[in-house]
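No lab work stands behind these numbers, since they all come straight from the coordinates. Here the structure is a predicted model, which means the values were calculated and not measured. Ideal geometry is used to build each Cβ from the backbone, glycine not excepted, and the neighbour counts take in all protein chains shown.
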Amino acid sequence: MTVNEATTLDADYDTLIEQFYAEGWTDGLPFVLPTTDRVDRMLDANGWDPDEVLGSVPPRGSQATRRLVAVNAVMAGCVDAHLPVVEAALLAALAPEHNLNGVTCTTHMCVPLVIVNGPQRTRLGFNATDGVFGNGSRANGAVGRALRLICWNLGAARPGDQDKSTLSHPGEWTFCIAEDEEGSPWEPLHVERGCPPGSDAVTVFACESPHSIVAIGSPENMLNRIVDHLSSRGSNNSEYRWGAGGQLLVTVNAEQAERFAADTWTKQDVKRYLWEHSTCKVRDRMDVGEEYTSEVGTRDGYLAQGLSWSDWSDPDADLTITPTPDDIHLVVAGGRSYFASVLPGWGPFGGFAATREVVASHTATEPAQSNATQPTQSNATQPTGSKP
Amino acid sequence: MKVYRPVPLDTVTDAPALAPRHDAIERIGIVDDKLDPHLIDGVVDQLRALLPHASVKVWTKPTGTSPAPDSLIEEMAREVQVALAGVGM
């Protein structure tokens, strides 16, 4: 166990900037210097006790005091009102089912994606629509990067060190979206996962970068294209269909969601269709070959413990892509178009979705809306009241 | 301009009790993450061949991708002078 001390440095601007790079205290992108004035104001605005510990950040295990969280949030470009969102994202990432230790240390490319729900999306300027996984929004960029910098500085999630990702993906800089609740006919992700309607929440799910899918036509036509991606070989979900399970994220945009709703497809209907049609046979996963010898051992280990949900003794038995339809997370996001996306997870090893409500400060100043893209409202053709 | 360091100054406060240190390595511990038994067996064989006078003991983690529990770490620290653990899956 360790204790953390707040320490300060005193020098001119250029010297400090170069020292941060030299010490490896930033991810390589430009950053905001965490001046004591700026950080203390952020803490005060949120009524935070600077020395309170939110948890230990694996794999290094440094304690995330509220001060250190605020320091890294300032570096990432957050405003005061973003801090409770960062806190919720961190707490979700530290949930046991997310297994941040494994997510950081794995050779797989998964990175925790932050999914923002609730009224905070519009209040704080999160982008849920056009280019949702891309650039252009301060809130998405800063909150996502704050979590990454916390992992970087407190968890030592640095490539080649504790971060063993073979390839990683650009989400390691920042990886944050909001759900287009106004464009969705269905209940939003956080409500589906147990939060009260109208609440603010964050869900963290470790996944690959989005795979684009042209999904057009009838609901079945759209879903069959998505199924092909869910089932394609090579992803962790597809290759490791055993153990404690695996999860996936699928996004459809508001136009596609409306098409489903027009044909009375519920969110559960969509998830069940994807789950039922993305199966393969046991024999299709018995040919893993010599290069996967160690993983065969893993599978056999899981089977020996009775942790698999499929009958591996029957070559004709169906293997599902996830244990249940609810392990396929469905989020409405992106611009109105043909494109959906699939984001494979880490398979049965962890990175599972964890959701935490955001406890917002009443005093933190919200950002100027002109600083952030704000297409959430303008992109929606269905009023919020049309949701069930 | 005064800024905060973004990393803590970690101070070890309750390091586990350590096995006695000697000039020669006498006891080696390996953390088996259950992800590749053949690899672990190979490492054990190699160590025994290279250091015939040292004992090699394997501790098995409950899961492959989560950290070893504190009790396992403390037990290893008490018993061995060198611990081997892998990172990455």
query = Where Rh is the Kirkwood radius over the Cα pairs of the protein assembly as shown, the temperature 20 °C and the viscosity 1.002 mPa s, what D in µm²/s does Stokes-Einstein return?
reply = 90 µm²/s
request  = Could you state the angle between the C-alpha long axis of helix A:267-277 and the longest principal axis of the C-alpha atoms of chain A, as a value from 0 to 90 degrees rounded to the nearest 10?
outcome  = 50 degrees
ask   = What 222 nm value per residue comes from the helices of chain A, counting each DSSP H run with n ≥ 4 as -39,500 (n - 2.57) and dividing by all residues, nearest 500 deg cm²/dmol?
value = -9500 deg cm²/dmol
ask   = Relative contact order, percent, of the range A:65-148 when contacts are C-alpha pairs under 8 Å separated by at least 6 residues?
value = 45 percent
inquiry  = I want the local charge near residue A:16. Using Cβ-Cβ distances under 12 Å, sum +1 for each Lys or Arg and -1 for each Asp or Glu among the other residues.
reply    = -3
query = What is the count of Lys pairs in the protein assembly as shown whose alpha carbons sit under 24 Å apart, if the two are 8 or more places apart or on different chains?
reply = 7
task = Rank A:153, A:107, A:133 by how far each Cα sits towards the positive end of the charge dipole of the protein assembly as shown (+1 on Lys, Arg Cβ; -1 on Asp, Glu Cβ) and give me just the farthest.
result = A:133
remark   = quick note, the protein assembly as shown, DSSP beta bridge pairs, % antiparallel (nearest 5) is 60 percent
key: Cα long-axis angle, helix A:219-231 against chain A (0 to 90 degrees, to the nearest 10)   = 80 degrees
key: Using alpha-carbon coordinates, inclination of helix A:293-304 to the longest axis of chain A, degrees   = 80 degrees
Interchain or long-range residues, amide H under 5 Å from residue A:55's placed H = A:64
Most positive-pole-ward Cα, A:30, A:46, A:78, against dipole of the range A:26-96 from beta carbon charges = A:30
Distance between the range A:46-111 and the range A:123-188 - C-alpha centres, whole angstrom = 13 Å
message = If I take every Cα pair under 8 Å that is 6 or more residues apart in chain B, average their sequence separation and divide by the length, what percent do I get for the relative contact order?
response = 43 percent
